[in-house]
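Data first, discussion second: the structure below is written as C-alpha coordinates.
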Amino acid sequence: MTEKKILRAIGGEVLPTPPIWMMRQAGRYLPEYRATRARAGDFLSLCYTPDLAAEVTLQPIRRYGFDAAILFADILLLPQALGPKLWFETGEGPRLEPTTTLDQLRALKPVGAIHETLGPVYETLRILGRELPRDTTLIGFAGAPWTVATYMIAGRGSPDQAAAHRLKDEERATFVALIDIITEATIHYLSAQIEAGAEVVKLFDSWAGSLKGTDFTDFAVRPTARIIAALKARHPGTPVIAFPREAGPGYIGFARATGADCVAIDNSVSPEWAAEHVQPDGCVQGNLAPEHMVTGGQALIEATRHVVRAFANGPHIFNLGHGITPDANPDHVQLMIDTVRASA
Ligand code: 1CP
(Lines give C-alpha, C1' and ligand atoms only; values in the text may rest on other atoms or scores of the structure.)
Protein backbone atom coordinates (compact mmCIF):
# COMPACT_ATOMS: atom_id res chain seq x y z
CA MET A 1 0.00 0.00 0.00
CA THR A 2 1.17 3.54 -0.70
CA GLU A 3 2.79 5.43 2.13
CA LYS A 4 1.77 8.74 0.56
CA LYS A 5 -0.89 10.19 2.81
CA ILE A 6 -2.38 12.46 0.17
CA LEU A 7 -3.07 9.44 -2.09
CA ARG A 8 -4.51 7.50 0.85
CA ALA A 9 -6.89 10.34 1.75
CA ILE A 10 -8.00 10.72 -1.86
CA GLY A 11 -8.56 6.96 -1.92
CA GLY A 12 -11.06 7.39 0.93
CA GLU A 13 -8.99 6.64 4.03
CA VAL A 14 -9.67 8.60 7.20
CA LEU A 15 -6.21 9.23 8.69
CA PRO A 16 -5.47 10.09 12.35
CA THR A 17 -4.59 13.64 11.24
CA PRO A 18 -5.27 14.96 7.75
CA PRO A 19 -2.38 15.31 5.30
CA ILE A 20 -1.64 18.92 4.49
CA TRP A 21 -0.40 21.20 1.71
CA MET A 22 -1.21 24.80 0.87
CA MET A 23 -2.32 26.58 -2.29
CA ARG A 24 0.46 28.92 -3.54
CA GLN A 25 2.81 27.33 -1.01
CA ALA A 26 5.71 28.36 -3.27
CA GLY A 27 5.24 32.09 -3.36
CA ARG A 28 6.22 35.60 -2.44
CA TYR A 29 5.60 35.21 1.33
CA LEU A 30 8.80 33.08 1.42
CA PRO A 31 12.14 34.95 1.35
CA GLU A 32 13.79 31.99 -0.42
CA TYR A 33 11.15 32.23 -3.20
CA ARG A 34 11.83 35.94 -3.65
CA ALA A 35 15.55 35.23 -3.91
CA THR A 36 15.12 32.55 -6.60
CA ARG A 37 12.63 34.69 -8.51
CA ALA A 38 15.19 37.52 -8.51
CA ARG A 39 17.78 35.11 -9.90
CA ALA A 40 15.35 34.07 -12.65
CA GLY A 41 14.75 37.75 -13.50
CA ASP A 42 11.00 37.53 -14.01
CA PHE A 43 8.07 35.25 -13.26
CA LEU A 44 7.80 33.59 -16.68
CA SER A 45 11.54 32.83 -16.81
CA LEU A 46 11.10 31.17 -13.42
CA CYS A 47 8.24 29.03 -14.80
CA TYR A 48 10.23 28.01 -17.90
CA THR A 49 13.60 27.27 -16.23
CA PRO A 50 13.19 23.72 -14.91
CA ASP A 51 16.00 23.83 -12.33
CA LEU A 52 14.65 27.04 -10.80
CA ALA A 53 10.97 26.01 -11.02
CA ALA A 54 11.88 22.73 -9.29
CA GLU A 55 13.87 24.67 -6.69
CA VAL A 56 10.92 26.90 -5.71
CA THR A 57 8.59 23.88 -5.68
CA LEU A 58 10.94 22.18 -3.20
CA GLN A 59 11.42 25.21 -0.91
CA PRO A 60 8.17 24.84 1.07
CA ILE A 61 8.73 21.06 1.27
CA ARG A 62 12.16 21.61 2.86
CA ARG A 63 10.91 24.33 5.19
CA TYR A 64 7.64 22.74 6.32
CA GLY A 65 7.54 19.08 5.20
CA PHE A 66 4.16 19.43 3.47
CA ASP A 67 2.62 16.14 2.33
CA ALA A 68 2.33 17.37 -1.28
CA ALA A 69 4.40 19.48 -3.63
CA ILE A 70 2.60 21.36 -6.40
CA LEU A 71 4.40 21.94 -9.67
CA PHE A 72 5.53 25.55 -9.96
CA ALA A 73 3.93 26.92 -13.13
CA ASP A 74 0.83 28.98 -13.95
CA ILE A 75 -2.58 28.32 -15.49
CA LEU A 76 -1.79 30.94 -18.18
CA LEU A 77 1.09 28.95 -19.70
CA LEU A 78 -1.41 26.77 -21.57
CA PRO A 79 -3.10 29.65 -23.46
CA GLN A 80 0.36 31.01 -24.22
CA ALA A 81 1.30 27.61 -25.69
CA LEU A 82 -1.71 27.96 -28.02
CA GLY A 83 -0.26 31.17 -29.49
CA PRO A 84 -1.44 34.34 -27.69
CA LYS A 85 1.31 36.47 -26.16
CA LEU A 86 1.59 36.40 -22.34
CA TRP A 87 3.41 38.86 -20.12
CA PHE A 88 3.28 40.05 -16.51
CA GLU A 89 2.91 43.74 -15.69
CA THR A 90 4.96 44.39 -12.55
CA GLY A 91 2.74 45.11 -9.57
CA GLU A 92 -0.44 44.44 -11.62
CA GLY A 93 -0.62 40.88 -12.92
CA PRO A 94 -0.86 38.82 -16.07
CA ARG A 95 -1.71 40.17 -19.52
CA LEU A 96 -2.69 37.93 -22.43
CA GLU A 97 -3.34 38.88 -26.04
CA PRO A 98 -7.17 38.52 -26.21
CA THR A 99 -8.96 35.81 -28.23
CA THR A 100 -12.55 36.89 -28.96
CA THR A 101 -13.25 36.36 -32.68
CA LEU A 102 -13.58 33.29 -34.89
CA ASP A 103 -10.55 34.47 -36.90
CA GLN A 104 -8.47 34.63 -33.72
CA LEU A 105 -9.70 31.16 -32.75
CA ARG A 106 -8.67 29.80 -36.15
CA ALA A 107 -5.25 31.37 -35.71
CA LEU A 108 -4.58 29.36 -32.51
CA LYS A 109 -2.03 26.56 -32.85
CA PRO A 110 -3.32 22.96 -33.02
CA VAL A 111 -3.65 21.56 -29.50
CA GLY A 112 -0.95 18.96 -30.20
CA ALA A 113 1.57 21.79 -30.65
CA ILE A 114 1.39 22.93 -27.01
CA HIS A 115 4.23 20.59 -26.03
CA GLU A 116 6.69 22.70 -28.04
CA THR A 117 6.22 25.50 -25.49
CA LEU A 118 5.47 23.39 -22.42
CA GLY A 119 8.46 21.03 -22.57
CA PRO A 120 10.22 22.82 -19.68
CA VAL A 121 7.16 22.25 -17.45
CA TYR A 122 7.38 18.50 -18.03
CA GLU A 123 11.12 18.65 -17.32
CA THR A 124 10.38 20.38 -13.98
CA LEU A 125 8.11 17.44 -13.07
CA ARG A 126 10.81 14.92 -14.00
CA ILE A 127 13.33 16.70 -11.76
CA LEU A 128 10.80 16.75 -8.91
CA GLY A 129 10.08 13.05 -9.35
CA ARG A 130 13.77 12.42 -8.58
CA GLU A 131 14.23 14.96 -5.81
CA LEU A 132 11.10 14.85 -3.66
CA PRO A 133 11.05 12.84 -0.41
CA ARG A 134 9.42 9.41 -0.85
CA ASP A 135 6.32 10.27 1.14
CA THR A 136 5.59 13.56 -0.68
CA THR A 137 2.94 13.50 -3.41
CA LEU A 138 3.63 15.42 -6.63
CA ILE A 139 0.63 17.42 -7.88
CA GLY A 140 0.34 18.75 -11.44
CA PHE A 141 -2.35 21.21 -12.47
CA ALA A 142 -4.13 23.27 -15.10
CA GLY A 143 -6.83 25.91 -15.09
CA ALA A 144 -10.34 24.62 -15.83
CA PRO A 145 -11.64 25.73 -19.26
CA TRP A 146 -14.01 28.45 -18.00
CA THR A 147 -11.35 30.12 -15.86
CA VAL A 148 -8.73 29.94 -18.63
CA ALA A 149 -11.32 31.32 -21.09
CA THR A 150 -11.99 34.33 -18.82
CA TYR A 151 -8.30 35.34 -19.12
CA MET A 152 -8.08 34.54 -22.86
CA ILE A 153 -11.17 36.64 -23.62
CA ALA A 154 -10.49 39.67 -21.38
CA GLY A 155 -6.71 39.50 -21.71
CA ARG A 156 -6.39 39.93 -17.95
CA GLY A 157 -8.01 39.14 -14.62
CA SER A 158 -11.28 40.89 -13.80
CA PRO A 159 -13.43 40.82 -10.68
CA ASP A 160 -16.69 39.97 -12.52
CA GLN A 161 -15.44 38.15 -15.68
CA ALA A 162 -17.76 40.47 -17.64
CA ALA A 163 -16.03 40.08 -21.03
CA ALA A 164 -16.31 36.27 -20.90
CA HIS A 165 -19.97 36.46 -19.86
CA ARG A 166 -20.64 38.84 -22.75
CA LEU A 167 -19.05 36.51 -25.32
CA LYS A 168 -20.91 33.54 -23.81
CA ASP A 169 -24.25 35.33 -24.03
CA GLU A 170 -23.78 37.19 -27.34
CA GLU A 171 -21.41 35.08 -29.48
CA ARG A 172 -22.33 31.64 -28.25
CA ALA A 173 -20.73 29.62 -31.06
CA THR A 174 -17.38 31.39 -30.71
CA PHE A 175 -17.44 30.98 -26.92
CA VAL A 176 -18.31 27.27 -27.11
CA ALA A 177 -15.58 26.70 -29.72
CA LEU A 178 -13.05 28.37 -27.40
CA ILE A 179 -14.13 26.22 -24.43
CA ASP A 180 -13.77 23.11 -26.62
CA ILE A 181 -10.25 24.05 -27.71
CA ILE A 182 -9.16 24.71 -24.12
CA THR A 183 -10.76 21.44 -23.00
CA GLU A 184 -8.86 19.42 -25.61
CA ALA A 185 -5.60 21.26 -24.93
CA THR A 186 -6.00 20.63 -21.19
CA ILE A 187 -6.40 16.89 -21.78
CA HIS A 188 -3.11 16.87 -23.74
CA TYR A 189 -1.39 19.06 -21.13
CA LEU A 190 -2.43 17.05 -18.07
CA SER A 191 -1.73 13.71 -19.78
CA ALA A 192 1.80 14.91 -20.50
CA GLN A 193 2.17 16.08 -16.89
CA ILE A 194 1.13 12.63 -15.66
CA GLU A 195 3.57 10.96 -18.06
CA ALA A 196 6.30 13.24 -16.66
CA GLY A 197 5.56 12.17 -13.09
CA ALA A 198 2.53 14.04 -11.68
CA GLU A 199 0.79 11.63 -9.29
CA VAL A 200 -2.37 13.74 -8.88
CA VAL A 201 -3.66 16.55 -11.07
CA LYS A 202 -5.77 19.49 -9.97
CA LEU A 203 -8.13 21.63 -12.06
CA PHE A 204 -8.38 25.22 -10.79
CA ASP A 205 -11.75 26.76 -11.69
CA SER A 206 -11.11 29.97 -9.77
CA TRP A 207 -14.04 31.80 -11.36
CA ALA A 208 -16.61 28.96 -11.30
CA GLY A 209 -18.64 30.97 -8.79
CA SER A 210 -19.74 33.47 -11.43
CA LEU A 211 -21.44 30.76 -13.53
CA LYS A 212 -25.08 30.38 -12.55
CA GLY A 213 -27.81 27.84 -13.35
CA THR A 214 -27.35 25.97 -16.65
CA ASP A 215 -24.16 27.94 -17.35
CA PHE A 216 -22.59 26.22 -14.32
CA THR A 217 -23.62 22.82 -15.71
CA ASP A 218 -22.52 23.61 -19.27
CA PHE A 219 -19.23 25.40 -18.59
CA ALA A 220 -18.01 24.27 -15.15
CA VAL A 221 -19.36 20.71 -14.80
CA ARG A 222 -19.28 19.46 -18.42
CA PRO A 223 -15.77 20.50 -19.51
CA THR A 224 -14.39 19.20 -16.19
CA ALA A 225 -16.24 15.89 -16.69
CA ARG A 226 -14.85 15.62 -20.24
CA ILE A 227 -11.29 16.23 -19.12
CA ILE A 228 -11.57 13.75 -16.26
CA ALA A 229 -13.14 11.05 -18.48
CA ALA A 230 -10.34 11.43 -21.03
CA LEU A 231 -7.65 11.35 -18.34
CA LYS A 232 -9.20 8.28 -16.68
CA ALA A 233 -9.21 6.47 -20.04
CA ARG A 234 -5.47 7.13 -20.45
CA HIS A 235 -4.31 7.12 -16.82
CA PRO A 236 -6.92 5.25 -14.76
CA GLY A 237 -4.83 5.26 -11.58
CA THR A 238 -4.22 9.02 -11.40
CA PRO A 239 -6.64 10.92 -9.15
CA VAL A 240 -8.05 14.33 -10.03
CA ILE A 241 -8.83 17.15 -7.59
CA ALA A 242 -11.43 19.65 -8.83
CA PHE A 243 -11.69 23.17 -7.40
CA PRO A 244 -14.87 24.93 -8.55
CA ARG A 245 -14.14 27.94 -6.35
CA GLU A 246 -17.15 29.70 -4.80
CA ALA A 247 -19.54 27.22 -6.39
CA GLY A 248 -21.68 27.27 -3.20
CA PRO A 249 -24.58 24.86 -3.79
CA GLY A 250 -22.76 23.78 -6.99
CA TYR A 251 -20.34 21.84 -4.76
CA ILE A 252 -23.14 19.40 -3.98
CA GLY A 253 -22.85 16.42 -6.33
CA PHE A 254 -19.85 17.95 -8.17
CA ALA A 255 -17.65 14.88 -7.61
CA ARG A 256 -20.35 12.53 -8.89
CA ALA A 257 -21.18 14.73 -11.89
CA THR A 258 -17.54 15.16 -12.99
CA GLY A 259 -15.79 12.00 -11.81
CA ALA A 260 -13.43 14.05 -9.62
CA ASP A 261 -11.77 12.01 -6.86
CA CYS A 262 -11.55 14.96 -4.48
CA VAL A 263 -13.25 18.35 -4.35
CA ALA A 264 -11.40 21.39 -3.01
CA ILE A 265 -13.60 23.76 -1.03
CA ASP A 266 -13.13 27.52 -0.65
CA ASN A 267 -13.74 29.31 2.64
CA SER A 268 -17.00 31.02 1.69
CA VAL A 269 -18.80 27.89 2.93
CA SER A 270 -18.47 26.45 6.43
CA PRO A 271 -16.58 23.19 6.92
CA GLU A 272 -19.67 21.74 8.66
CA TRP A 273 -21.76 22.44 5.56
CA ALA A 274 -19.14 20.89 3.28
CA ALA A 275 -18.78 17.87 5.59
CA GLU A 276 -22.53 17.31 5.43
CA HIS A 277 -23.11 17.96 1.72
CA VAL A 278 -19.86 17.22 -0.13
CA GLN A 279 -17.75 14.81 1.94
CA PRO A 280 -20.26 11.90 1.68
CA ASP A 281 -19.22 11.64 -2.00
CA GLY A 282 -15.50 11.35 -1.21
CA CYS A 283 -12.39 13.21 -0.14
CA VAL A 284 -12.59 16.97 0.36
CA GLN A 285 -9.75 19.48 0.54
CA GLY A 286 -9.82 22.74 2.45
CA ASN A 287 -10.80 25.19 3.72
CA LEU A 288 -9.09 27.49 6.25
CA ALA A 289 -9.38 31.20 5.38
CA PRO A 290 -6.00 32.38 4.00
CA GLU A 291 -6.26 35.58 6.11
CA HIS A 292 -5.19 33.54 9.14
CA MET A 293 -1.73 33.24 7.55
CA VAL A 294 -1.47 37.03 7.88
CA THR A 295 -3.02 37.46 11.33
CA GLY A 296 -1.88 34.28 13.18
CA GLY A 297 -2.34 33.89 16.95
CA GLN A 298 -5.03 32.10 18.93
CA ALA A 299 -7.64 32.77 16.22
CA LEU A 300 -5.51 30.79 13.74
CA ILE A 301 -5.21 27.88 16.18
CA GLU A 302 -8.95 27.80 16.85
CA ALA A 303 -9.96 28.12 13.20
CA THR A 304 -7.49 25.36 12.23
CA ARG A 305 -8.87 23.00 14.90
CA HIS A 306 -12.39 23.86 13.78
CA VAL A 307 -11.66 22.79 10.17
CA VAL A 308 -9.92 19.58 11.29
CA ARG A 309 -12.79 18.66 13.64
CA ALA A 310 -15.54 19.39 11.13
CA PHE A 311 -14.02 17.05 8.53
CA ALA A 312 -12.71 14.40 10.98
CA ASN A 313 -15.30 11.75 10.14
CA GLY A 314 -14.42 11.42 6.45
CA PRO A 315 -11.47 11.62 4.05
CA HIS A 316 -9.87 15.07 4.20
CA ILE A 317 -6.81 16.93 2.95
CA PHE A 318 -6.14 20.05 5.01
CA ASN A 319 -5.57 23.19 2.91
CA LEU A 320 -6.51 26.84 2.73
CA GLY A 321 -9.71 27.93 0.98
CA HIS A 322 -7.61 29.87 -1.55
CA GLY A 323 -3.96 30.76 -2.13
CA ILE A 324 -1.73 32.19 0.58
CA THR A 325 -1.09 35.90 0.02
CA PRO A 326 2.31 37.64 -0.29
CA ASP A 327 1.82 39.50 3.03
CA ALA A 328 1.49 36.22 5.01
CA ASN A 329 3.93 35.43 7.83
CA PRO A 330 5.92 32.18 7.33
CA ASP A 331 5.77 31.51 11.10
CA HIS A 332 1.97 31.41 10.96
CA VAL A 333 2.17 28.65 8.35
CA GLN A 334 4.29 26.61 10.80
CA LEU A 335 1.74 27.24 13.55
CA MET A 336 -1.07 25.97 11.30
CA ILE A 337 0.89 22.81 10.44
CA ASP A 338 1.78 22.15 14.11
CA THR A 339 -1.87 22.60 15.07
CA VAL A 340 -3.11 20.18 12.38
CA ARG A 341 -0.49 17.55 13.28
CA ALA A 342 -1.20 17.84 17.02
CA SER A 343 -4.92 17.35 16.46
CA ALA A 344 -5.04 13.52 16.69
O1 1CP B 1 5.13 37.73 -8.85
C2 1CP B 1 5.07 36.49 -8.73
O3 1CP B 1 6.01 35.83 -8.24
C4 1CP B 1 3.88 35.87 -9.32
C5 1CP B 1 2.78 35.44 -8.42
C6 1CP B 1 2.28 34.13 -9.00
C7 1CP B 1 2.61 32.84 -8.53
C8 1CP B 1 3.48 32.48 -7.36
C9 1CP B 1 1.47 33.97 -10.14
C10 1CP B 1 0.96 35.04 -11.02
N11 1CP B 1 1.31 32.61 -10.38
C12 1CP B 1 1.98 31.90 -9.43
C13 1CP B 1 2.11 30.43 -9.36
C14 1CP B 1 0.88 29.63 -9.46
N15 1CP B 1 -0.30 30.02 -10.02
C16 1CP B 1 0.76 28.29 -9.04
C17 1CP B 1 1.97 27.50 -8.54
C18 1CP B 1 1.91 26.54 -7.55
C19 1CP B 1 1.50 26.92 -6.12
O20 1CP B 1 0.28 26.93 -5.82
O21 1CP B 1 2.42 27.07 -5.29
C22 1CP B 1 -0.58 27.91 -9.28
C23 1CP B 1 -1.25 26.59 -8.94
C24 1CP B 1 -1.23 29.00 -9.91
C25 1CP B 1 -2.61 28.98 -10.39
C26 1CP B 1 -3.26 30.21 -10.89
N27 1CP B 1 -2.71 31.24 -11.60
C28 1CP B 1 -4.64 30.47 -10.75
C29 1CP B 1 -5.61 29.52 -10.11
C30 1CP B 1 -5.60 29.56 -8.64
C31 1CP B 1 -6.05 30.84 -8.01
O32 1CP B 1 -5.20 31.51 -7.39
O33 1CP B 1 -7.24 31.18 -8.13
C34 1CP B 1 -4.90 31.71 -11.36
C35 1CP B 1 -6.25 32.40 -11.44
C36 1CP B 1 -3.69 32.19 -11.90
C37 1CP B 1 -3.48 33.44 -12.69
C38 1CP B 1 -2.50 34.31 -12.03
N39 1CP B 1 -1.16 34.06 -12.04
C40 1CP B 1 -0.51 35.00 -11.28
C41 1CP B 1 -1.51 35.90 -10.77
C42 1CP B 1 -1.22 37.09 -9.92
C43 1CP B 1 -2.76 35.43 -11.23
C44 1CP B 1 -4.14 36.03 -10.91
C45 1CP B 1 -4.36 37.20 -11.79
C46 1CP B 1 -5.73 37.86 -11.74
O47 1CP B 1 -6.78 37.21 -11.63
O48 1CP B 1 -5.70 39.11 -11.86
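The values are calculated or read from the model by the stated rules, or taken from the named source; none is laboratory data. Worth saying up front: this structure is predicted, and the values here are computed from it rather than measured. Quick reminder, even Gly has a Cβ in these numbers, built from the backbone with ideal geometry, and neighbours come from all protein chains shown. For the accessible areas, the whole protein counts, side chains as well, though only heavy atoms, and no ligand, DNA or RNA atoms are used. Shrake-Rupley method; radii C 1.70, N 1.55, O 1.52, S 1.80 Å.
Note down the magnitude of the dipole of segment 1-72 about its Cα centre, charges +1 on Lys and Arg C-beta and -1 on Asp and Glu C-beta and zero elsewhere, to the nearest 20 debye.
My answer is approximately 200 debye.
Which length gain, in nm to one decimal place, applies between Arg156 and Ser45 when the Cα-Cα distance is subtracted from 0.36 nm times their residue separation?
Contour length minus Cα-Cα distance gives 38.0 nm.
Can you give me the distance in nm between label points at Asp215 and Arg63, each placed 7 Å from the Cα along the Cα-to-Cβ direction?
Label at Asp215, label at Arg63, 3.8 nm between them.
What FRET efficiency comes out for the pair Leu102/Thr295, r = Cβ-Cβ distance, R0 = 56 Å, nearest 0.05?
In this case the efficiency is close to 0.70.
Accessible area per residue, 1.4 Å probe, Å², for the chain: what's the number?
So the chain comes to 40 Å² accessible per residue, rounded to a whole number.
With Kirkwood's inverse mean 1/r over C-alpha pairs for Rh, give me the Rg to Rh ratio of the chain, two decimals please.
Ratio of gyration radius to Kirkwood radius: 0.94.
Give the percent of DSSP beta bridges with both residues in segment 5-341 that are antiparallel, rounded to the nearest 5.
If I count the DSSP bridges inside segment 5-341, around 15 percent turn out antiparallel.
What aspartates and glutamates does Lys202 reach when the alpha-carbon gap must be under 13 Å and sequence neighbours fewer than 8 apart in one chain are set aside?
By straight Cα distance, Lys202 reaches Asp74, Asp261.
In the chain, what cysteines have no partner Cβ closer than 4.7 Å?
Here Cys47 come out as lacking a disulfide-compatible partner, given the Cβ-Cβ threshold of under 4.7 Å.
Suppose every K and R has +1 on its Cβ and every D and E has -1 on its Cβ; what is the size of the dipole of the chain about the Cα centre, in Debye to the nearest 20?
So the dipole magnitude of the chain works out to roughly 420 debye.
Go ahead and set up a Gaussian network model of the chain, Cα springs under 10 Å, then flag whichever of Asp331, Asp281, Asp205 fluctuates most.
In the Gaussian network model the winner is Asp331.
Given springs between every Cα pair under 10 Å in a Gaussian network model of the chain, which of Ala255, Ala26, Ala113 has the largest fluctuation?
Top of the fluctuation ranking is Ala113.
Among Leu288, Pro330, Pro50, which residue has its Cα positioned farthest towards the positive end of the charge dipole of the chain, with +1 placed on the Cβ of Lys and Arg, -1 on the Cβ of Asp and Glu, and the dipole taken about the Cα centre?
In the chain, that residue is Pro50.
Could you give the dipole magnitude of segment 132-270 about its Cα centre, charging the beta-carbon of Lys and Arg +1 and that of Asp and Glu -1, in debye to the nearest 20?
Roughly 160 debye, rounded to the nearest 20.
Taking the dipole about the Cα centre of segment 219-321, with the C-beta of Lys and Arg at +1 and of Asp and Glu at -1, give me whichever of Ala230, Leu300, Gln279 is farthest to the positive side.
Ala230
For a quick protection proxy, order the peptides 8-16, 132-140 by their average other-Cβ count within 10 Å, most packed first.
So the peptides 8-16, 132-140, ranked by packing, come out 132-140, 8-16.
Would you work out which of Ala107, Gly259, Phe243 lies farthest towards the positive end of the dipole of the chain? Charges go on Cβ: Lys and Arg +1, Asp and Glu -1.
Checked the options; the winner is Gly259.
For the chain, modelled as a Gaussian network with Cα springs under 10 Å, which listed residue fluctuates most, Val176, Val307, Val278?
Val176
So how far, in whole Å, is the C-alpha centre of segment 255-303 from the one of segment 1-60?
19 Å
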